[in-house]
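**Q** Dumping the structure here so I can ask a few things about it.
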Amino acid sequence: MLLYLLITCFSFFFFSKSLSLPQWASKTKTLLSFYFSKNLFTNSLHLTTPDLASPVLGQMSILDLPDLPLDCILELLPPSELCTMARVCSSLRERCVSDHLWEKHLKTKWGKILGPSAHKEWQCYLSSPYHLDSPHHQTSHLGLAKIISLMGSLSSIFRDDDHRRRYPSAIPLDSTMSFYLSLETGRFWFPAQVYNRENGHVGFMLSCYDAELSYDSDTNTFQARYPPHGKRAIAVEKDVTWERIRAAPVDASPHNLYVSDSLNELKPGDHIEIQWRRNKEFPYGWWYSVVGHMESCDGNLNHCQCHNSEMMVLEFNQYTVGSRWRKTMINRRDHREKGNEEDGFYGGIRKINCKEDIEMWKRLWPSSILE
């Protein structure tokens, strides 16, 4: 019996080496090998061990696996292959569209640029007539086929009408999978912020403005729609790269003054962002600045008392010395919107505590000093 079992194991080993396995299967070879070898030894105690190189192997299904190994396999699949697995049968479809599988993919790819406002917008999108009437959420499987073809993966699988008739299901409207695919295909425009808007236009260097974004999977970039400035039309920018996008740091409208909560603790050398808008018809953008010293201070930290002063100097060092944009002063005790129609209006201030955010601003620093 032991000799027969060894021969069977070696037969299975050489047979599996000769198979051309899909990409996902190679990732789970160890797990599957452990499972089958364990069952071989178990079955040998009760049943005659089948020849795994025989046609019986073709009758085995991934659904024969226990729940834990099967879930481990599905967790290793990328989104496109999860979609493919969802078409195999109703049982796999139920597993492959589950939120716990897609939440990991959503967080990995989109987590850094999706803030609370994006999730709120998604909930509004779910209940909108456009969303409910869209082909993406019709109950035929053709909707899923259309999505996956837009993802550029495995679209040929869906050409067979028999498959659509055999598996007529839909993606749950409020599922994480639906959210992910709506982002991936660019169907859902989500709110976020863009650094150095309009391809780094000189008037927006070291700023970050609110926009609606749509992803283009072909170029791995985004299209941005900026809110209209006054009577101007909506500005549109294409080919916005990932590193220029962030989730909004505060959940506030770009038309509302941000209520600052850290003014009293700010001191020279601190990095901050301050709201600024050209006039009161425009939305605010966030501009990078550093807290500076008062003119009466020599900058010696051992004697500096600037942090005790009622007034505070903000420096925009991307502008040349003497420029009207180089410095401004605000009252930290009674700070409100400050400015005029000529120089614009300064709004709320937020201190930057994250080193990664500070490094991001430094990477965006213009190559030459601005006038």
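**Q** Residue by residue, what Karplus-based ³J(HN,Hα) values in Hz, rounded to whole numbers, does region 80-96 have, using 6.51, -1.76 and 1.60 with θ = phi - 60° and x for Gly and Pro?
**A** Along region 80-96, the couplings run 4, 7, 5, 4, 5, 4, 5, 8, 5, 6, 5, 5, 5, 4, 4, 6, 6 Hz.
**Q** LEU92 accessible area, nearest 10 Å², 1.4 Å probe?
**A** 0 Å²
**Q** Would you pull out the residues with amide H under 5 Å of LYS327's amide H, same chain only if 5 or more places away, H placed 1.01 Å from N?
**A** PHE316
**Q** At what distance in nm do the modelled label points of CYS124 and ASN256 sit from each other, each positioned 7 Å from its Cα along Cα→Cβ?
**A** Once both label points are built, they end up 1.2 nm from each other.
**Q** On a 21 Å Cα-Cα criterion, which of the cross-link pairs LYS107/LYS351; LYS267/LYS351; LYS104/LYS355 come out too long?
**A** Going by Cα-Cα distance, LYS107/LYS351; LYS104/LYS355 fall outside the 21 Å limit.
**Q** How many angstrom lie between the Cα centre of region 225-281 and the Cα centre of region 323-343?
**A** About 16 Å separates the Cα centre of region 225-281 from the one of region 323-343.
**Q** Where does the charge balance sit around GLU281 when Lys and Arg score +1, Asp and Glu -1, over other residues with C-beta under 14 Å from its C-beta?
**A** Neighbour charge sum, excluding GLU281 itself: +3.
**Q** Treat each spin label as a single point 7 Å out from the Cα along the C-beta direction, and report the ASP343 to TRP325 distance in nm.
**A** For the pair ASP343/TRP325, the computed spacing is 1.5 nm.
**Q** What is the spin-label model distance, in nm, from HIS307 to ARG278 if the labels are put 7 Å beyond Cα along the C-beta direction?
**A** Going from the HIS307 label point to the ARG278 one covers 3.8 nm.
**Q** Could I ask something else about it? At a Förster radius of 56 Å, what calculated FRET efficiency corresponds to the Cβ-Cβ distance of ARG363 and LEU68, to the nearest 0.05?
**A** 0.80
**Q** Continuing with this model, one more query. Sorting check: for 302-308, 210-216, which peptide has the highest mean count of neighbouring beta carbons within 10 Å, and how do the rest follow?
**A** Highest-to-lowest ranking by the protection proxy: 210-216, 302-308.
**Q** Can you list residues whose amide H is under 5 Å from GLY186's amide H, if they're 5+ apart or on another chain and H is modeled 1.01 Å from N?
**A** TYR215
The values are calculated or read from the model by the stated rules, or taken from the named source; none is laboratory data. Since the structure is predicted, the reported quantities are computational estimates derived from the model, not experimental observations. Virtual Cβ from ideal backbone geometry, glycine too; neighbours counted across all protein chains shown. Please note that ligands, DNA and RNA were not included when accessible areas were found on the heavy atoms of the full protein model with its side chains. Shrake-Rupley method; radii C 1.70, N 1.55, O 1.52, S 1.80 Å.
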